[in-house]
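Novice: Before we start, here is the structure in question, set down as structure tokens.
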Amino acid sequence: MQTRPADDPDPTPATVPTVNLDWNGRREPAWYEGVQRILNAHDVPERFTQARAPIPVRARLEWENDGIELVDTVATAWTHSLALVTVDGARSRFRGVWIDIGEVVRR
């Protein structure tokens with residue numbers, strides 16, 4: 001391994017990683033920051049009925065960090081015990097989640 005003398009300056013400056021800043025000079029969060037699990041979500045069922053048109057509903061979502069939230073959204077599919085509701089926000093990695101029918105009411 002070859003070493004440089006202590007007084008020899010490094011000919012190539014170290015690269016500084018770029019940071020995405022918003023217009024106020026604050027760092028923009030990465031896509032995964034702030035993502036939370038929805039604790040009352042279920043796995044996708046094997047069989048379900050697809051809605052012809054989205055049905056307006058109010059759903060109860062239980063977030064990992066933020067707790068319980070009532071959300072005005074739409075249901076797009078269901079089974080006898082679950083409903084697929086749209087989740088539109090940066091906190092969820094998924095566009096929709098399956099939750100118990102008892103946690104969904106029509107608007």
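The values are calculated or read from the model by the stated rules, or taken from the named source; none is laboratory data. Computed from a prediction, not measured in an experiment: that's the story for all the values here. FYI the Cβ positions are ideal-geometry reconstructions off the backbone, even for glycines, and counts take in every protein chain you see.
Novice: Considering only residues of the stretch 5-48 that are β-branched (Val, Ile, Thr) and at pLDDT below 95, which is nearest to Ile99 (Cα to Cα)?
Specialist: Val35
Novice: Same structure, new question: In the stretch 85-93, is there at least one residue being at pLDDT 95 or above, part of a strand (DSSP E or B), touching a Phe, Trp or Tyr at 6+ places or on another chain (Cβ under 9 Å) and over 23 Å from Pro29 (Cα atoms)?
Specialist: Yes; the residues of the stretch 85-93 include at least one that is at pLDDT 95 or above, part of a strand (DSSP E or B), touching a Phe, Trp or Tyr at 6+ places or on another chain (Cβ under 9 Å) and over 23 Å from Pro29 (Cα atoms).
Novice: Out of the residues in the stretch 60-75 that are out of contact with any Asp or Glu (no Cβ under 6 Å at 6 or more places or on another chain) and crowded, with 19+ Cβ neighbours inside 10 Å, state the one that is farthest from Val35 (Cα to Cα).
Specialist: Ala75
Novice: Just checking, which of Ala30, Ala51 is of a type in the set (Gly, Ala, Ser), without any contact (Cβ under 8 Å) to a residue 60 or more places away in the chain and part of a loop (DSSP other than H, G, I, E, B)?
Specialist: It is Ala30.
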